[in-house]
1. Mind giving me the nanometre distance, one decimal, between the label points for A:LEU368 and B:SER518, set 7 Å out from Cα along Cα→Cβ?
2. With label points built 7 Å along Cα→Cβ from the Cα atoms of A:THR184 and B:ARG382, find their separation and express it in nm.
3. Under the Karplus relation 6.51 cos²θ - 1.76 cosθ + 1.60, θ = phi - 60°, what is the ordered set of whole-Hz ³J(HN,Hα) values for the stretch B:34-41, x standing for Gly and Pro?
4. For B:ALA578, what residues show an amide H to amide H distance below 5 Å, using hydrogens built from the backbone and excluding near sequence neighbours?
5. Express in nm, to one decimal, how much length is gained between A:LYS551 and A:GLN279 on full extension, taking 0.36 nm for each residue of separation and deducting their alpha carbon distance.
6. Take peptides A:491-498, B:613-620, B:509-516 and line them up by average Cβ neighbours within 10 Å, highest first, as a rough protection proxy.
7. Report, as an integer, the average count of C-beta atoms from other chains found within 10 Å of each Cβ along A:442-449.
8. Can you give the mean number of other chain Cβ atoms that lie within 10 Å of the Cβ atoms in peptide B:614-623?
Amino acid sequence: MSSSFSVFRAGISFVMMCIFYTSAVDSPELSPQKFFSTLQPGKATLVYFCQPECPRTSVFLEELNEAAKPLQDYGISVAKVNCITEETSRYCGSEKDLMKAYLFRGNIPLREFPTDTLFDVDAIVAHVLFALLFNEVKYITTVGDLQNIENALKGKGNIAFSYVRAIGTPEHRAVMEAAFVYGTTYQFVLTTEIALLQSIGPEDIEYPHLYFFHCKPVLDLTQPCRRILMRQSLTTLNIHQFIKIMEAPLLTEVAGDPRQVSTVHLQLGLPLVFIVGQQATYEADRTTAEWVAWRLLGKAGVLLLLRYFKHGIETQVEFLALSHIDLLVFHVESTMNIEETGKYEDMEELNIDDEVEETVYRDRKRQLPLELTVELTEETFHETVTASDSIVLFYAGWQAVSMAFLQSYIDVAIKLKGTSTMLLARVNCADWSHVCTKQNVTEFPVVKMYKEGQNPVSYTGMLGTEDLLKFIQLNRISCPVNIMSVQEAEEYLNGELYKDLISYSSMSVLGLFSPAMTRAKEEFTEAGSYLKGYVTTGIYSEEDVLRLSSKYTVTLPALLLARHKEGKIESVPLVNVHVQDIVQIITNASLETFVKFNLKQDNLRPSEYIHVMGFYICSSLTLDSTFLAEVLPAQEWKPPLPAYDFLSMMDAAASEHLTRKVPECIKETDMQESDKEQPDDKSAITEESTGTLKMKHLSRSSWFEEAKKVLRHDNKEL
Amino acid sequence: MGLSAAAPLWGAPGLLLTIALHLALSLSPAQARAPVLRDYCVLGAGPAGLQMAYFLQRAGRDYMVFERAPGPGSFFTRYPRHRKLISINKRYTGKTNAEFNLRHDWNSLLSHDPRLLFRHYSDAYYPDASDMVRYLSDFAERLGLHVLYNTTIAHVTLNKDSGAWNGHYFILTDHRGQAYQCSVLLVATGLSVPNQVDFPGSEYVDGYESVSVDPKDFVGQNVLILGRGNSAFETAENIFSVTNFIHMLSRSRVRLSWATHYVGDLRAINNGLLDTYQLKSLDGLLESDLTDLAIVKDHKGKFHITLKLFMEAGNQSSDAIPLPQDNNDNFAMRVAYDRVIRCLGWKFDFSIFSKSLRLSSGSELSKKYPLVRASYESKGSRGLFILGTASHSVDYRKSAGGFIHGFRYTVRAVHRLLEQRHHGMAWPSTEHPITHLASAIIRRINEASGLYQMFSVLADVVLLKENATTFEYLEEFPMQMLAQLETITGRRARHGLFVINMEYGRNYSGPDKDVFFSDRSVGYMEDAWLSNFLHPVIYYYRHLPTEQEVRFRPAGWPLPRPSALHHVVEDFLTDWTAPVGHILPLRRFLENCLDTDLRSFYAESCFLFALTHQKLPPFCQQGYLRMQGLMGTESLRQHGVESGLLWDSATMGKRQGASDQQPGDHRPGGHPLAPGPPVSPFNSNKEEL
C-alpha cells in the first residue's frame, strides 16, 4: 500500500518537473503581450525585460538561466521577455535602465531589481525569496527590534535569528531557503548589523551566524529566551539539520536496550548521551538530564535511561562515570573537535616576550663591576646608612627590571667614582628579605637616600643613569638654597653660583618673599624640599627683596625661573598658592622645554598638546605634526599573549581517564554514581591514575595523544 | 563569682567530683578575691602558648598565660623520653634570606629578635629536648611575656554576658581557687594524656611515659611494643641492639614520612627496626587491632598474646586460658614476651572544660583532637581558640599544623583574625600596582616559610582592586575560610582574587605509594600540572567562593574549582625564579586572567606606545607616564635590538636623520613612521581560558 503510494507521488513530481521544464527554463523569448497572457494568478514569476538589441548572452542571463532551476523548486518561474518595438510596455523602459528584472505575483508587480543586485545565482535566489517572504522574515537593524520580537514571541513561538554580512550572499540564500520551508513554523529574523550580533554573544563575530531562540517555553516575560548558536557554517543543509535538532524533544526518556533507540540526532550523525537513572531518584535525574540537555543542545542528543541493567553492551556505547557535569560537556565537545585540541601543541616553544626580561637574560653572563657599590647585609645595613650619607638601591636578583636598573646604577657609580661624598650601596632583597621589609620596601627596584638626621627619601625619577645622577648631584645643595644678598641672587639666576650643577639642572627657581610672608615662605620651602634632586630652588627674603621684584616687574610673592640654556628669566607671581600648586608650576615650567621639538602647535588640539607634553621624550626623535595627527587616534592597545590552560588539561585528562568501558561487575554501581554525580566517586579510579600520570610527562608535546594511547591500553587490559 | 559560675553544674550528674572540688575551693579563704579580668587568656606556656603571647605582647594587648609547671615547655622536660627531637635544626642552607631559612628551621618560634633563633641554642641537627626547654624559657624571658607559672587551671566554664566580646566570658579557676574572667580563651595545652587501649591484661603493659630508657634493663629480652608511631620506633631504636628481638604491633601499616610527606609519620631517623625486620634479623612488624587482644601473664611472669574472645569464654586461671597457637600452631606471636611497652601517643585533655563550652572531640580519624573550624575557633563556643599541637585536627596527616614549624604560622593567623575581630585592625596587607603582581608572587613562593610548611592550609591571597590596576597582598590566610575572607580580614574582595598555595601532586604521596618511581619529576612547564613535589599553585576566582562552594569542592581539591588555574612547575632546588621556566608562564597566566599586559618596557618603547596608542600597557602607565620609566643602558639596548624586541633606533635615526640635523626642515608629506611594532611578533592567536 505505502509503496504504491510513493510510486504515485514520484510520478506526480516527475510530471510537475516536466511542466516546469517546458514552461519556463528554455522558454522561448516571449513578447510582452504574450507574456502577460501567460501569467497565472498567485504564481510568482521573475521576469527580465530585454531590449531588442540586448545581447543574447550575458553574464546576467547565464546566471538567470542557472537560477531558474532552483527557483522552480520554490514554485517561481523565470521568464525573459523581448521588448519588441511595436509592442511597448512600461516595463521595457528606456535604454538607460535596460537592465532590470521584475518580480510578479500573478500579474501584480511586487518588486523590481536592478540587475547588478542579481549578480549570481545565490543573489538571485536570495533576493527573490527575500521579497516573497517579506512577512515571514523580519529584517531588523537594532537591538531594540530584536528585543521586541523576542518579547512578542515569548510563550508563543521560537525564533531563528541570523546574521549575514550582506544581502545576496550564499549565506543569505541559505537562510532564505530555510525560511521558505520553516517560515511558517518559526519567526525568522535577519540582520546585517554586526553590532546586533555583538550584543548577543561573545562569539567570533567575523562569520555569519544563526541562533535559535527558544522562546516558546518561556512563560515568564522577564526571563530571556535560551539562545543556541549553530556552530556549523550557514548552508541550507546545515540549517535544516540544525532546525531539525532544535525541533527534536529536549530530553527523551527511554527504557530498554539503548542500541535500539534511534532519534533524529543519531540520524544526523550526532552522538547520543544516555543518562542512566533510577526510579527512586527520578525527579533529580530528570532535572540533571535536562540541564545537561540544554548544555549539549545542538551537539548531542540526551536521553534518560531508566532502570537499565542488562548485560552485554556492545562496543558502540561508551560508559562514563563522571564526577561533574562539566566533564561530560567537555568530553562531548572534545570528541567533536578532536582536531582542534591539537592547539596545545602549539605552545611548545615559549619565548620571552618581555623586552626587559629578555635583555637582562641575554646579558646574564656579563660581569658587572659590582664592587663599585657597597653590598649591604642585615648586619651592615644600619651601621652603614647611619655612618655616612648614602644612596641605597633595593633590588631583587631574579627581577628583570631591577637588574636592568642595577646596570644604570653601576654606571652612576662609575661616573661618580672618587668625586662624590655620597656612598652608593645596594641590598639584594632576594638575600636580605628582612632588611628590605624593615625599610618598607616591598616592590623592586627602589632607591632611597639616607642622610644624617633626616628621614630617608625615596627617589621617584626615571630609572636611568642621567636622572639618578642629576638627583644625586642636585641633592648636594639644600633645597631651597637660602640666598643672602641681591648679588648672590643674580649669580644664582645667571648660573654662576652653582656652575657645576648647571649641566644637571637647566632651570633654577628663585622664590622672592618679603620677610613678613612667613606662611608663603613655609609653603615654598616645603615645595622646594619636595622637588629636591629634580630642580634647583632658592629663596630670597631679605629686606631689599623689592629691588629684585621691581627689576623683574613682579609683585611679591613671586617665582623667578631662570633658564640657563636660553639665558632667559621668567617671573611668575604667586597668589594664594599652596605647596601642590607651587610644585605644579615648577614642574610644568621644567616640562615646557619639550615644546621645542617640531610640533606645529596650531595643528594640535589643546588636549592632545597637553597629552604630548606630559611625556618624557627619551630619544632624539624629531616629530612633525602630520605624523602626530595621523597616529594619535589609533586604536586601543591590547595584549595577545597565550598561556597554558592547565584547568582544561586537567579536565581533559579526567574526562579521558574516566571514559572507559565499565566491567560488567561494577557497572551497576558506577552507573548509579554517575547519575547521582557524587563528587568523590573517583576514589576507586584515581588510585590507578599514578600509572597514567607517569606516562604522560614522558612526552612533551602530544600528551593528549599519549593519554589516549594509555587509555586504549587500559581498555585492552579490561 | 565562683559559686555562681558553678551553679549551672548542680543539675549535671556525674560531675559531682568536680563540683565537690570546686566547692572546696570556693570555700577556701582565697576565694574572697575578685576574679582577675583579662582580654586574652592563654592556657599553657608551651611553644604555641608563648608564640601567641608574643603576638599579643607586640600588639599591646591585655593577656595572661597560665602554666602549670614552674617554667615553660614542661612537655619537653619529660618528652621525648630519649631526649632527641626529630624536628630538624638546619643551620646551613647556603642562603642568607632569613625568611627562607625558616623553611628549614623547625624549632624556632617567630619573633623580631634574630638572637631567638634555635640555631643559637643547639648545634645538633636533631637537637636535645633540654635545649628546647632552655630556648623556650629564654624566649619567654627575653621578650618579657606575661606568664603565670605554677598555676594549674582546674576548671574552665562559660558565663553568659551580653556585654562581652563574644556574648560570654570564660571563667578560669586555678588550683588556689582564684578565678580569671577572660574575653577570649586560647587553649595551647597540647596533647597531654597518654593514649591507652583497654584490653584484658593491659595492666601488665609499661607505658612510654614511664618505661625505662636504660638499654641495660632490656638485655636478652623478648620485647613487644604496641604502637607504630615515632615514639614506638624511638623506644625500639634505643634498645634493639640488646634485646633478643622486638615485635611491633599496631592496627595499621607503617606510614613512612618520606612516603606520605607528613612529618608526624615515621621519620627515617627512627626506623632502624625496619632494616632489621626486612633483613630477617629477628625483629618484626605485625598488624592487628589492639582492642581484640588480651595479654596473659604466666606463672614465670612471661606474657602471652591471646584474643579477648578467648578470655571472655573461659575461666580465670592464667595458665588455662586458650591461646591462638593451640589451634594454629604457626601463630606469629606464639612466643612469650618478657616485656610489653605501650607507645600509642597522646590525646587532648578535655577534663578541665565545662560542658557549657561544648568542646567536643573530632571525628574518627582525629579523635584525639578537639573539634575546631579552619579558623582554629572551637565549633562549640565563639572566642575559644585551640592553638598548637591540639589544633592539628585541621590538617592531621596532611600538613605541619601539629608541629612548631607549622603552628607558629597558624597562631599568627589566629592573632590576625583576633586583631580584626576585636580591635578593628584589618589583616596586614601591602598594596601595589598591578605590574608588580608577578614579582610579588614570585617573591613569596621563593621565600615564604609559612606557605611552604603549612602547604594547602595557609595560602596567600591577592585581592584585586577595581579594574585590576592595583592589588592587595595578604599573607598566610587559612584557605578553608576563604568564603569568610571579608569578615576575617576586614578587606574587600569584590573584583576577583588569586590564591597562592603550595601543593604536592595528587596521588603522589601516601603510605603505600612508591615515591621513587623513575619519572617522578616533571621538568617541562607544560606538564607543570603533573608536578609531584611541592610546587606553587595559583587559583584565580572572579568572585569570592561561597561557603557552599568551599564545603562541596571537588574531592581532592584544597579549594573549589577556580575560574583559571596555574601550576608553577616543581623545581629540584625549590628556586622558582627561572625567567623562561617559571616567571614567563606565570606572567602569561596572570595576563590572561586579568586581560592585561604585565610585561615591562623600556622608556623608549613606552614612548612609541604613547604616540601610537590611546591606552598604554600598565607598566608604561604606572612608570613612564609618571616620569618613572626605565631607561636601560646601552648594552641592554643592544641585546634588545638583537632579540628583535626593541625598536632599532639606529635605523630609525637614519630615517629621521635629516630632520634631526636640520631642525625645522620638514620633509614634504611627512614621514610615515610606522607605529613600530615592538609587539607584533606576539600577535599570535590568544588562547581563551
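1. 4.4
2. Modelled inter-label distance: 6.9 nm.
3. Here the 3J(HN,Hα) series is 6, x, 7, 9, 9, 6, 10, 10 Hz.
4. B:ILE583
5. Numbers: separation 272, 0.36 × 272 = 97.92 nm, distance 10.26 nm.
So the chain would gain 87.7 nm between A:LYS551 and A:GLN279.
6. Numbers: A:491-498: 17.5, B:613-620: 21.2, B:509-516: 13.8.
Going from most to least packed, we get B:613-620, A:491-498, B:509-516.
7. Values: counts 8, 8, 4, 1, 0, 0, 0, 0.
For this peptide, the per-residue mean of nearby foreign Cβ atoms is 3.
8. 3
Bear in mind that the values in this text are calculations on the coordinates, not laboratory data. Keep in mind it's a predicted model, so treat the numbers as computed, not measured. Quick reminder, even Gly has a Cβ in these numbers, built from the backbone with ideal geometry, and neighbours come from all protein chains shown.
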